[in-house]
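*Asks:* First, the structure itself, so that you have it in front of you.
The values are calculated or read from the model by the stated rules, or taken from the named source; none is laboratory data. The structure presented is a predicted model; accordingly, all values stated were derived computationally and were not measured. FYI the Cβ positions are ideal-geometry reconstructions off the backbone, even for glycines, and counts take in every protein chain you see. What goes into the accessible areas is simple: the full protein's heavy atoms, side chains included, and nothing from ligands, DNA or RNA. Shrake-Rupley method; radii C 1.70, N 1.55, O 1.52, S 1.80 Å.
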Amino acid sequence: MSSSAPRQSVTVTDNRTGKTIEVPIQNGTIKALDLRVLKTSPEDFGLMTYDPAFMNTASCKSRITFIDGDKGILNYRGYPIQELAEKTTYLETAYLVLNGELPTKQQQTDWVNDITYHTMVHENIKDLMTGFRYDAHPMGMLASTVAALSTFYPEAKAVHEPETRRQQIVRLIAKMPTIAAFAYRHSIGFPYAHPDNDLSYCGNFLQMMYRAAEPKYVPNPVLERALEVLFILHADHEQNCSTNAMRAIASSEVDPYCAAAGAISALYGPLHGGANEAVLRMLFEIGSKANIPAFIKSVKESGGETRLMGFGHRVYKNYDPRAKVIKGMAEKVFEVTGKNPLLDIALELERIALQDEYFLKRKLYPNVDFYSGLIYQAMKFPVDMFPVLFAIPRMSGWLAQWDEMIQDKEQKIARPRQVYLGASERHFVPFEKREVKAAPAEGVLTKV
Ligand code: CMC
């Protein structure tokens with residue numbers, strides 16, 4: 001007699017009341033809402049889960065990106081990142097991320113053509129960007145300008161129309177490099193360089209960044225490919241901070257330009273896409289290999305205040321597979337650009353950290369940002385542009401996640417619950433009767 005398969009459920013007993021419920025398990029999760037039936041009285045709201053920073057909560061079902069953080073695996077739509085980095089272009093990968101399958105030759109031709117012919121921005125966008133201060137951070141300029149696109153394409157509000165969504169996806173992916181390059185040229189006081197349709201997505205971006213007086217800019221093929229690979233590695237990373245921001249904002253059904261501006265803002269933070277910039281500043285500060293032990297000591301003694309930037313990840317508890325590809329590529333880039341003198345410090349820092357009990361115990365390994373900045377710097381991108389270089393390719397991931405969310409019948413406007421610990425209801429007191437009071441004591445749960 002074969003033993004019956006185990007029931008896919010958990011049994012929960014509420015010790016406050018003695019009530020027991022059986023909660024189904026699906027895809028390794030239970031529904032938080034299933035716990036609401038556990039109440040201490042009919043008026044009780046019901047049991048909730050408490051999960052700040054979503055440490056153990058899946059906010060959606062997705063078919064786009066798979067990560068196994070312990071094994072260091074990252075796949076887009078099932079394809080390992082290493083294969084995509086070796087064999088595809090960024091736009092081919094973006095198509096895959098957005099559509100679920102690699103394009104056929106014809107689909108690729110049409111897709112590249114579509115993107116290429118939407119790279120121009122309205123002249124008023126240029127005027128708008130001219131209004132920024134000469135030293136404005138390009139990430140601030142990027143976020144604001146992408147939000148401003150919303151006013152140029154009011155039809156984008158029709159988020160439930162597939163063709164309208166597709167049109168905004170093309171526009172956003174196409175215009176990101178143009179806006180990014182404009183932001184850079186504004187900061188150095190150069191006239192804007194218009195897109196060149198003869199060039200690839202990455203080649204054109206380099207052209208818009210660096211073209212001076214030459215009639216035709218020809219990108220260095222090694223650097224163009226390196227950028228292509230970096231863009232592929234950054235295309236998506238499932239439910240990270242900025243993607244979660246994109247989904248949360250777009251869940252109100254606002255247009256994708258406003259939602260993407262929010263995602264760009266989330267990416268700007270030093271714990272997320274701003275880390276590559278922070279790594280470079282950290283390496284500058286360390287200055288020489290001799291100073292590394294003292295720096296590592298200060299990190300360990302700071303109680304989490306000072307961090308080894310470019311190390312650690314919420315999901316990866318192993319070497320970030322993206323960092324491996326980037327580290328391998330650095331040599332090819334440095335053959336063209338000359339070696340970045342900060343590389344030796346980075347390599348030594350990694351060597352020392354990976355032998356240190358503090359980092360080993362916490363499973364802190366180099367992440368994508370540890371080496372990418374060194375390459376960007378060798379390619380003459382200013383440090384301020386590093387998070388922008390993350391945002392350009394991540395746009396395809398944000399849009400794929402947005403498109404998936406809009407079509408997901410289980411999704412609703414994102415609206416978490418809270419545990420209210422503030423004052424219980426009290427009544428207005430006029431100025432003459434108010435006294436300076438200590439803040440209400442914490443930890444007193446007030447029912448509302
Ligand atoms: N240097 C030193 N200690 C660290 C570091 C680090 N980079 N990262 C984590 N820790 C320590 C932290 O102090 C804590 O120690 P303890 O247990 O003694 O309190 C422990 O490791 C766990 O850290 P955590 O803050 O609870 O971990 P998290 O999952 O919330 O944070 C992280 C993930 C990426 C924000 C964090 O590792 C970090 O701040 N890294 C540096 C910034 C960075 O490189 N960010 C780029 C991430 S990859 C690009 C992207 O996808 O955005």
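*Asks:* Filter segment 194-227 for residues that are in a helix (DSSP H, G or I) and among the aromatic types (Phe, Trp, Tyr); which is farthest from Pro138 (Cα to Cα)?
*Replies:* Tyr201
*Asks:* Test Ala259 against the stated conditions and say whether it is within 9 Å of the ligand (Cβ to nearest atom) and crowded, with 22+ Cβ neighbours inside 10 Å.
*Replies:* no
*Asks:* Of all residues in segment 81-99, count the ones that are within 20 Å of Asp68 (Cβ to Cβ) and open to solvent by less than 40 Å² (accessible area, probe 1.4 Å).
*Replies:* 6
*Asks:* A follow-up question, please. One residue is enough: does segment 373-394 have a residue meeting the conditions within 16 Å of the ligand (Cβ to nearest atom), of a type in the set (S, T, N, Q) and either open to solvent by 10 Å² or more (accessible area, probe 1.4 Å) or within 30 Å of Ala250 (Cα to Cα) (or both)?
*Replies:* No.
*Asks:* So which pairs qualify, if the first residue must be in segment 367-380 and touching a residue at least 40 places away in the same chain (Cβ under 8 Å), the second must be within 12 Å of the ligand (Cβ to nearest atom) and of a type in the set (Ser, Thr, Tyr), the Cβ gap must be under 7 Å, and the two must be at least 6 apart or on different chains?
*Replies:* Cβ pairs passing all conditions: Asn367/Tyr316.
*Asks:* Which of the helices (runs of 4 or more DSSP H) found entirely inside segment 336-448 contain at least 2 residues meeting this: of a type in the set (Ser, Thr, Tyr), under 18 Å from Gly273 (Cβ atoms) and in contact with a helix residue (DSSP H, G or I) (Cβ under 9 Å, 6 or more places away or on another chain)?
*Replies:* Details: elements: 342-353, 357-361, 368-378, 386-407.
Here the list reads 368-378.
*Asks:* Hey, among Ala5, Ala94, Ala32, which residue is more than 27 Å from Arg362 (Cα to Cα) and in the same structural domain as Cys202 (by TED's automatic domain parsing)?
*Replies:* Ala94
*Asks:* Identify all residues within segment 241-256 that are within 16 Å of the ligand (Cβ to nearest atom), surrounded by 21 or more Cβ atoms within 10 Å (Cβ to Cβ) and either touching a residue at least 40 places away in the same chain (Cβ under 8 Å) or of a type in the set (D, E, K, R) (or both); write none if there are none.
*Replies:* Ser242, Thr243, Met246, Arg247
*Asks:* How many of the residues in segment 271-305 are under 24 Å from Tyr376 (Cα atoms), part of a loop (DSSP other than H, G, I, E, B) and more than 7 Å from the ligand (Cβ to nearest atom)?
*Replies:* 3
*Asks:* At pLDDT 95 or above, in a helix (DSSP H, G or I) and touching a His at 6+ places or on another chain (Cβ under 7 Å), is that true of Met139?
*Replies:* no
*Asks:* Could you list, ordered by first residue, the pairs with Cβ atoms under 9 Å in which the first is in segment 161-178 and surrounded by fewer than 20 Cβ atoms within 10 Å (Cβ to Cβ) and the second is among the polar types (S, T, N, Q), at least 6 apart or interchain?
*Replies:* Sorted first by the residue in segment 161-178, then by its partner, the pairs are Pro162/Gln407.
*Asks:* Continuing with the same structure: Can you confirm whether Glu228 is more than 16 Å from the ligand (Cβ to nearest atom), open to solvent by less than 60 Å² (accessible area, probe 1.4 Å) and not hydrophobic (A, V, I, L, M, F, W, C)?
*Replies:* So Glu228 fits the description; yes.
*Asks:* Quick check on Ala323: is it within 14 Å of the ligand (Cβ to nearest atom) and either surrounded by fewer than 20 Cβ atoms within 10 Å (Cβ to Cβ) or assigned to a helix (DSSP H, G or I) (or both)? Spell out the reasoning first.
*Replies:* On the way: within 14 Å of the ligand (Cβ to nearest atom): yes; either surrounded by fewer than 20 Cβ atoms within 10 Å (Cβ to Cβ) or assigned to a helix (DSSP H, G or I) (or both): yes.
Here the answer is yes, as Ala323 does meet what is asked.
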